[in-house]
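Enquirer: My structure is below; once you've seen it, I'll send some questions.
Each reported figure results from applying straightforward, stated rules to the coordinates on display, with no laboratory input. These numbers come from a predicted model, not from an experiment. Virtual Cβ from ideal backbone geometry, glycine too; neighbours counted across all protein chains shown.
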């Protein structure tokens, strides 16, 4: 068995930070993630580099900001000269595998996602559960082998709601399939160093958990989303439109028509999806125990970005930089190397994972590429857990919906600024006195000096995130 650590990277899609019982959500059931927190290190203020999929994933898989990778939008192709972590691990002798989503290139309109030299040897690709790619969706093939069709299993029994659905039964769910592929990979590669990416589509909308998990959550016990009457009146104008139709798409998710009962039921559906994920994470972690690989496997649990879930009247994702959209769960475990039961509340970014994992495996960091700041001393408990970065930075450049939205966010421990470039609009929050981000101070005359200071600081951050390469060869 290899002495180098295996890497088990568990990445969900669109899971917000407050979906783990051990980290403060007393209404959700996540026993396996709770145990992972007890056995490892939980980062309570981890931030993605973009609030939508492709630019975020491109960033944490390279350790570089969206503006640096050039992969700034959903629907773009990852540049072929970017170095992905699985490629670096494969070059170092690791066996690399993936189950589920990758999303570093467009795969809409029936296109199969194009791959660069990503390093994955076992590539079980399934961007989402729907059978849109009959010859490429590995999950669809798995169902077909069982004599099943996704269309026949979905929403049975019917939900009767325009906001949430009954999804595939758990035994046939895409999240379950992803876990089965992970377990298969773990059992088959117990004697070589490996790197595996588990990338389920859940809890991404549509909100469609297996009925057996939804039954665990009574709608009347669910909290209502955090809103304040009139709060959007002094916020960017597109947010007022998004509060009526999610993604500003009339005919789609009519959030403005929701009753409080609808909102509670939808929160219940989202939490149920997170509980199902937790169950499957437990199965994967058990496979490590069964094969004697627990102590030699570095486990990461995280998500690519968050979900608004009705807070501030907004649903899903988009050019939003509220905590619910950009703050994600991050838990890491490596027995006897990382401090068990430790919690870090300092600000960290997902690009910080790349140098951390390479250091753990003893793989040299590629020169003039990585922009992340290693978490190793935080993980071992030798650094101040209340401070890792002075600020975190996130970007949205016409990344998905809202084609005219170009925005950057800078968040410190006590303040947040969001600039919607070219519009004169923005958001400014005093997080000490307004942690829920209700009061936008952008246009408040008394806050002009604070706004100017943070605009300058956000501009500095955008400059300092330029590509550090190519290597400078001489003074001139």
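Enquirer: Suppose each label sits 7 Å from its Cα in the direction of the beta carbon; what would the residue 386-residue 289 distance come out to in nanometres?
Expert: According to this spin-label approximation, the distance is 3.6 nm.
Enquirer: Let me have the relative contact order for the stretch 251-332, percent, based on Cα pairs under 8 Å that are six or more residues apart. Mind showing how you got there, number by number?
Expert: Numbers: 52 pairs, mean separation 22.7, N = 82.
Relative contact order comes out at 28 percent.
Enquirer: How much mean residue ellipticity at 222 nm does the chain get from its helices, if each DSSP H run of length 4 or more adds -39500 (n - 2.57) and you divide by all residues, to the nearest 500 deg cm²/dmol? Each step should come with its number before you reach the end.
Expert: On the way: 14 runs with 131 residues, N = 476.
The helix contribution divided over the chain gives -8000 deg cm²/dmol.
Enquirer: From zero outward in steps of 10 Å, how is the percent of C-alpha pairs of the stretch 330-369 spread across the bins?
Expert: 22, 52, 24, 2
Enquirer: To make sure I understand, if each residue's beta carbon is the centre and we count other beta carbons within 10 Å, what order do 57, 95, 327 fall in, fewest to most?
Expert: Details: 57 28, 95 19, 327 25.
So the residues, fewest neighbours to most, are 95, 327, 57.
Enquirer: What's the ranking of 26-34, 119-127 by average number of surrounding C-beta atoms within 10 Å, highest first? Write down the numbers at each step before the final one.
Expert: On the way: 26-34: 17.7, 119-127: 20.3.
Answer by packing, highest mean first, reads 119-127, 26-34.
Enquirer: Give the relative contact order (percent, whole number) for the stretch 6-390; include only Cα pairs under 8 Å separated by 6+ residues. Please report the intermediate quantities before stating the final value.
Expert: Working: 838 pairs, mean separation 113.0, N = 385.
Once normalised by length, the contact order is 29 percent.
Enquirer: Assuming a ≥ b ≥ c are the square roots of the Cα gyration tensor eigenvalues, decide whether the stretch 428-476 counts as rounded (a/c under 1.5), prolate (otherwise, with a/b larger than b/c) or oblate. Mind dumping the intermediate values first?
Expert: Details: a/c = 5.31, a/b = 2.84, b/c = 1.87.
Taking the square roots of the gyration eigenvalues as a ≥ b ≥ c, the stretch 428-476 is prolate.
Enquirer: So how much slack lies between residue 18 and residue 240, counting 0.36 nm per residue of separation and subtracting their Cα-Cα distance, in nm? Don't skip to the answer; put the middle values down first.
Expert: Working: separation 222, 0.36 × 222 = 79.92 nm, distance 2.46 nm.
Extra length available between residue 18 and residue 240 comes to 77.5 nm.
Enquirer: Tell me the Kirkwood hydrodynamic radius of the stretch 233-333 in angstroms, computed as one over the mean inverse distance between distinct C-alpha pairs. If you can, show how the numbers build up before the last one.
Expert: Values: mean 1/r = 0.0626 Å⁻¹.
One over the average 1/r among Cα pairs gives 16.0 Å for the stretch 233-333.
Enquirer: Then there's this: Give me the one-decimal nm value for the distance between modelled label points at residue 377 and residue 336, 7 Å along each residue's Cα-to-Cβ direction.
Expert: The two pseudo-label positions are separated by 2.6 nm.
Enquirer: Simple spin-label model, 7 Å along Cα-to-Cβ: residue 464 to residue 141 in nm?
Expert: Between residue 464 and residue 141, the label points sit 4.6 nm apart.
Enquirer: Wrap a convex hull around the Cα atoms of the stretch 3-63, take a quarter of its surface area, and give that in square nanometres.
Expert: Values: hull surface 21.6 nm².
With the hull built on Cα positions only, its mean projection is 5.4 nm².
Enquirer: Then there's this: Once fully extended, how much extra length lies between residue 161 and residue 132, figured as 0.36 nm per residue of separation less the alpha-carbon to alpha-carbon distance? Kindly include the intermediate steps, with their values, before the conclusion.
Expert: On the way: separation 29, 0.36 × 29 = 10.44 nm, distance 2.38 nm.
Extra length from residue 161 to residue 132 when fully extended: 8.1 nm.
Enquirer: What order do you get for 406-414, 184-192, 263-271, 42-50 when each peptide is scored by the mean count of other beta carbon atoms within 10 Å, highest first? The partial results should precede the final answer.
Expert: Numbers: 406-414: 20.4, 184-192: 16.8, 263-271: 23.9, 42-50: 26.6.
Answer by packing, highest mean first, reads 42-50, 263-271, 406-414, 184-192.
Enquirer: Ranking 233, 395, 415 by Cβ neighbours within 10 Å, fewest first, what do you get?
Expert: On the way: 233 10, 395 25, 415 18.
The fewest-first ordering by Cβ neighbours comes to 233, 415, 395.
Enquirer: In Å and whole numbers, how far do the C-alpha atoms of the stretch 6-390 stretch along each principal axis, longest first?
Expert: Cα spread of the stretch 6-390 along its principal axes, largest to smallest: 54, 53, 39 Å.
Enquirer: With 10 angstrom as the radius, rank 373, 101, 149 by how many other C-beta atoms surround their C-beta, starting from the fewest.
Expert: Values: 373 16, 101 26, 149 12.
Taking fewest neighbouring Cβ atoms as first place, the list is 149, 373, 101.
Enquirer: Work out, step by step, the length gained on full extension between residue 111 and residue 444: first 0.36 nm times the residue separation, then minus their alpha carbon distance; give nm to one decimal. Walk me through the intermediate numbers first.
Expert: Working: separation 333, 0.36 × 333 = 119.88 nm, distance 4.75 nm.
Once the chain is fully extended between residue 111 and residue 444, it gains 115.1 nm.
Enquirer: Sort largest first and round to whole Å: the equivalent ellipsoid semi-axes of the stretch 320-476, each the square root of five times a Cα gyration tensor eigenvalue. Could the numbers behind the result be given before it?
Expert: Working: eigenvalues 187, 97, 41 Å².
After scaling each eigenvalue by five and taking roots: 31, 22, 14 Å.
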